[in-house]
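**Q** So that we are looking at the same thing, I have put the structure below in structure tokens.
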Amino acid sequence: MPDGNPTNLLYYGDNLDILRRYVKDESVDLIYLDPPFKSNQDYNVLFRERNGSQSAAQIHAFEDTWQWDEAAALAYKEIVEDGGRVSRAMQAFRAYLGDNDMLVPNCIN
């Protein structure tokens, strides 16, 4: 911790929110994303009995669903307006993908 900031931290949550709130610009060496993405399934943590057999106990871990909504449109707009390489890449992806159910054009102003 040469500058007083801890290293090797793991953040859990929406990547844009985490980056904006906790990470200084141009300070990231690695971001790990764990696919599959948009599988439209719910995932649970499964438990095992002491003998190793599967238990009926489980808890809801997360939903892997995504939709283009106002928050997504706002995030896209902010990224594009910031300019730079990421902005150009996002605009290229948008041009390549065209209009589809993942990117509703009337949400973007």
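The values are calculated or read from the model by the stated rules, or taken from the named source; none is laboratory data. Remember, predicted model here, so these are calculated numbers, not experimental data. Don't worry about glycine lacking a Cβ; one is built from the backbone with ideal geometry, like all the others, and counts go over all protein chains shown.
**Q** When you scan region 80-109, how many residues do you find that are of a type in the set (Val, Ile, Thr) and either touching a Gly at 6+ places or on another chain (Cβ under 9 Å) or modelled with pLDDT of 90 or more (or both)?
**A** Summing the residues that are of a type in the set (Val, Ile, Thr) and either touching a Gly at 6+ places or on another chain (Cβ under 9 Å) or modelled with pLDDT of 90 or more (or both) in region 80-109 gives 1.
**Q** Another one. Can you tell me which residue is modelled with the highest pLDDT among those in region 2-21 that are of a type in the set (D, E, K, R) and not in a loop (DSSP other than H, G, I, E, B)?
**A** Result: 21.
**Q** Provide a single number: the residues in region 22-50 that are assigned to a loop (DSSP other than H, G, I, E, B), of a type in the set (Lys, Arg) and at pLDDT below 80.
**A** 1
**Q** Need pairs with beta-carbon distance below 6 Å; first residue closer than 18 Å to residue 39 by Cα and within region 49-76, second in a strand (DSSP E or B); sequence gap 6+ or separate chains.
**A** 60/44; 61/43; 61/44; 61/45; 62/43; 63/42; 64/41; 68/103
**Q** Would you please name the residue that is farthest from residue 100 (Cα to Cα), looking only at residues in region 54-86 that are within 15 Å of the chain's Cα centre (by Cα) and part of a strand (DSSP E or B)?
**A** Among those that are within 15 Å of the chain's Cα centre (by Cα) and part of a strand (DSSP E or B), it is 62.
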